[in-house]
Amino acid sequence: MKKVDFESLILFENADYLVINKPPYLSSLDDRHEAQNILDLAKAHTSDSQLCHRLDKETSGCLVIAKNPEAYRHLAIQFENRKVEKVYHAVVEGIKEFNNELVDRNLAANNKGIAKVSKDGKPAQTIFNSLKTYWAHTLVECKPITGRLHQIRVHLAYLKSPICGDTLYGGKPLYLSSLKRRFNLKKETEELPIMQRVSLHAYSIIFEGLDGNPIKVDAPYPKDFQVLVHQLEKNA
């Protein structure tokens, strides 16, 4: 991955917090396989930086960074008390009409970092709403109430609506040839999926600043997610 320009990722900044639009494929924390990660980039910008939560490596979108210990504590308490509002967008398989659909299923993760619904797991709740239906897919708004590993991905798979490209939890890659009736692939070339990762984006976040006022930030779709939604619109 080429060197990331951290400044260009910043969506919001004040004396206490930074909110960035995390690009896909960039780890939040130190990753021995990668030369750069969000935490190191943030510390180069503000030396006391701490990540207030994490996003999976493949997931893009809103990520909050505290610039000082007091700000970190203030937001940690809000996460603990479930006062932070997070909204994700996902493209799922099938035509789904979710209307404040609550999935309340405990999740347990194994030592390989794979989660599953299990009555012995930790409590996990997510609310789902359909934003737009297409020919065979749906753009879904996901509001996690808790913050378990792969929570949205597993809860959508539980609803038999796996996220496109989420092969770990039963989602299939989405190819243009499956959307376009007259699709011609050049000879001797292999077709690649429209989006080569899990189709999940952390679209917005709302939390309270140290002054007690709410901070709301929206993250525009990255290019690959934008292209995917555009192709679904075009071929609906």
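Annotations
- Evaluated at q = 0.11, 0.13, 0.23 Å⁻¹: base-10 log I(q)/I(0), Debye formula over Cα of the range 120-236: -0.46, -0.62, -1.45
- Counting all C-alpha pairs of the chain, share separated by more than 28 Å (%): 34
- Acute angle (nearest 10 degrees) that the helix 69-80 long axis makes with the longest principal axis of the chain, alpha-carbon atoms: 50
- Quarter of Cα convex hull surface for the range 1-136, i.e. mean projection, nm²: 10.7
- Binning the C-alpha pair distances of the range 22-87 at 5 Å intervals from 0 yields a P(r) profile of 4, 17, 25, 24, 19, 9, 2 %, listed from the shortest bin outward.
- Computed with a 1.4 Å probe over protein heavy atoms only, the accessible surface of the range 14-119 comes to 53 Å² per residue.
- Cα→Cβ-extended label distance, 7 Å offset, between K223 and N99, nm: 4.0
- Size of charge dipole - the range 182-236 - debye, nearest 20, with Cβ of Lys, Arg +1 and Asp, Glu -1, no other charges: 340
- Taking the protein heavy atoms of the range 69-188 in the context of the full set of protein chains, the accessible area attributed to carbon and sulfur is 48 percent at 1.4 Å.
- Dipole axis of the chain (+1 Lys, Arg; -1 Asp, Glu on Cβ), positive-most option in F79, L139, A15: L139
The values are calculated or read from the model by the stated rules, or taken from the named source; none is laboratory data. Note that the coordinates shown come from a computational prediction; the quantities given were computed from them, not determined experimentally. For neighbour counting, all protein chains shown are included, and Cβ atoms are generated from backbone atoms with ideal geometry for every residue, glycine included. To get the accessible areas, we keep the full protein, side chains included, count just its heavy atoms, and leave off ligands, DNA and RNA. Shrake-Rupley method; radii C 1.70, N 1.55, O 1.52, S 1.80 Å.
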